Amino acid sequence: MNKKTRIGFVGAGTVGTALARALHRAGYTAVAASSRTRASAERLAARVPGCRALADAQAVADAADMVFITTPDDAIARVAAGVCWRKGQAVAHCSGALSAGVLSGAKSQGAWAGAFHPLQTFAGVADADALRGITFAVEAEPPLLGALTAMARVLGGRCITLAPDDRVLYHMGAALASNYVVTLAALATRLWGVARIPPDEALRALLPLLRGTVRNLEDKGLPHALTGPVARGDMGTLRKHMAALESRAPEVIEAYRTLAMETIPIALAKGSISPARAQTMRAMLRQGTAS
């Protein structure tokens, strides 16, 4: 498989559209797309020169040598099982959590099956630039493994190869690093709301702090990017935090305690606290401010 390989897309949402645009820009040949609604397929095709909107997944498979299934996860197996595939044809889904095993309907017909997950968040924007420099999680057997790995590199990305049993843990890690950062920002703005700071103003104030944290992670890595009271072993501040939560935002206590507990080993690895101070902090967090 090479850049002349005819590529099709089943599913025309943000991931499918971004991938189709990025592959076209990298010199690959995107020829066909279908989606649950014809309008979605036409929107994707309009953004990728040479790509046609077709009626359904079977039409895409008939037109392409390699097909990406970029539907929601719960539709992938059904799409794969509902198409007549050609022997030697390639099909890959773009789910993070599902293994290539969900494409058994295609593999049983002689197609090469794999998974090609772009480790990126799109938030409803089909941005081809968002794929540059990211990591792609690949699962496949040769020769498809080599083709997908080469594709990731041509797109300017890096590649990690996953075993089927590792995909859920991989996806959970991605969710912690991406989705739950939004949750943490929401918790922070909620606490600031208790302090009578409007949510929009709170988020504007917190965003530079979040960016600074990401820069520290890029520049210093783990564990050295860690700052704050746990990293300093600052028992006084931790007690003040816990007391304020107990009196003014008790619904956040368990989340704060869990995160602080998980931060202690990072501080130990950084070498900024002693084992004795770590033990004292754990005891205080378990017992609350009474300790």
Cut-off under 5 Å, modelled amide H: who pairs with Val67 long-range: Gly8, Ala90, Val91, Ala92
Angle between the chain longest axis and helix 275-287 axis [Cα atoms, degrees, rounded to 10]: 90 degrees
Orientation-averaged projected area, Cα convex hull of region 36-81 (nm²): 3.4 nm²
Spin-label proximity, Asp73 to region 98-119 - amide N less than 16 Å from point 7 Å beyond Cα toward beta carbon: 98-103, 115-119
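Over region 118-262, average the accessible area per residue using a 1.4 Å probe and give it in Å², no decimals.
Values: 8630 Å² over 145 residues.
With the other protein chains kept in place, region 118-262 gives 60 Å² per residue.
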Within region 198-239: backbone nitrogen closer than 11 Å to the Leu184 label point (7 Å, Cα to C-beta): 210-211, 213-214, 217, 226-227
Top of Thr280, Thr149, Thr37 by mean-square fluctuation, Gaussian network on the chain, Cα under 10 Å: Thr280
Phi to ³J(HN,Hα) by Karplus 6.51 cos²θ - 1.76 cosθ + 1.60 over region 49-62, Hz, x for Gly, Pro: x, x, 8, 10, 7, 10, 6, 7, 4, 5, 5, 5, 4, 5
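Taking region 86-115, which trypsin sites (Lys or Arg not before Pro) meet the DSSP loop condition and have no more than 10 other C-beta atoms within 10 Å? The partial results should precede the final answer.
Values: sites: Arg86, Lys87, Lys107; in loops: Arg86, Lys87.
In loop regions of region 86-115 (DSSP not H, G, I, E or B), the sparsely surrounded trypsin sites (Lys or Arg not before Pro) are Lys87.
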0 to 90° range, to nearest 10: angle between helix 235-248 axis and the chain longest Cα axis: 80 degrees
For region 3-151: relative contact order, % (alpha-carbon pairs under 8 angstrom, 6 or more apart): 21 percent
For region 211-226, 3J(HN,Hα) per residue [Karplus equation, 6.51 cos²θ - 1.76 cosθ + 1.60, θ = phi - 60°, Hz, x = Gly/Pro]: 4, x, 5, 5, 4, 4, 5, 5, 7, 10, x, 9, x, 6, 6, 5
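Size of the dipole of the chain about the Cα centre, Lys and Arg at +1 and Asp and Glu at -1 on the beta carbon, nothing else charged, in debye to 20? Numbers along the way, then the final one.
On the way: 33 positive and 21 negative charges, 103 e Å.
Value, rounded to 20: 500 debye.
Take the alpha carbon gyration tensor of region 1-119, find the square roots of its eigenvalues, order them as a ≥ b ≥ c, and report rounded if a/c is under 1.5; if not, report prolate when a/b exceeds b/c, else oblate. Could the numbers behind the result be given before it?
Details: a/c = 1.40, a/b = 1.31, b/c = 1.07.
It comes out rounded by the Cα gyration axes.
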For region 40-110: relative contact order, % (alpha-carbon pairs under 8 angstrom, 6 or more apart): 29 percent
Solvent exposure, largest accessible area first (probe 1.4 Å, DNA, RNA and ligands not counted), of Asp73, Asp165: Asp165, Asp73
For region 190-260: rounded, prolate or oblate by the Cα gyration tensor [a/c cutoff 1.5]: oblate
Alpha-carbon Debye profile of region 78-209, log10 I(q)/I(0) at 0.11, 0.17, 0.21 Å⁻¹: -0.53, -0.93, -1.20
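Taking a ≥ b ≥ c as the square roots of the eigenvalues of the Cα gyration tensor of region 1-69, is the shape rounded (a/c under 1.5), prolate (a/b larger than b/c) or oblate?
Judged from the Cα gyration tensor, region 1-69 comes out oblate (a/c at least 1.5, b/c at or above a/b).
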With every protein chain in place, region 162-291: carbon and sulfur % of accessible area (1.4 Å): 60 percent
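Counting alpha carbon pairs within less than 8 Å and at least 6 residues apart, what relative contact order, in whole percent, applies to the chain?
Working: 473 pairs, mean separation 32.7, N = 291.
Reported relative contact order: 11 percent.
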Farthest positive-ward along region 176-280 dipole, Cα basis, beta-carbon charges - from Thr183, Pro275, Pro223: Pro275
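The values are calculated or read from the model by the stated rules, or taken from the named source; none is laboratory data. As the structure is a computational prediction, the values presented were derived from the model and not from experiment. Please note: Cβ atoms are built from the backbone with ideal geometry, for glycine as well, and neighbour counts cover all protein chains shown. Ligands, DNA and RNA are excluded from the accessible area calculation, which covers all protein heavy atoms including side chains. Shrake-Rupley method; radii C 1.70, N 1.55, O 1.52, S 1.80 Å.
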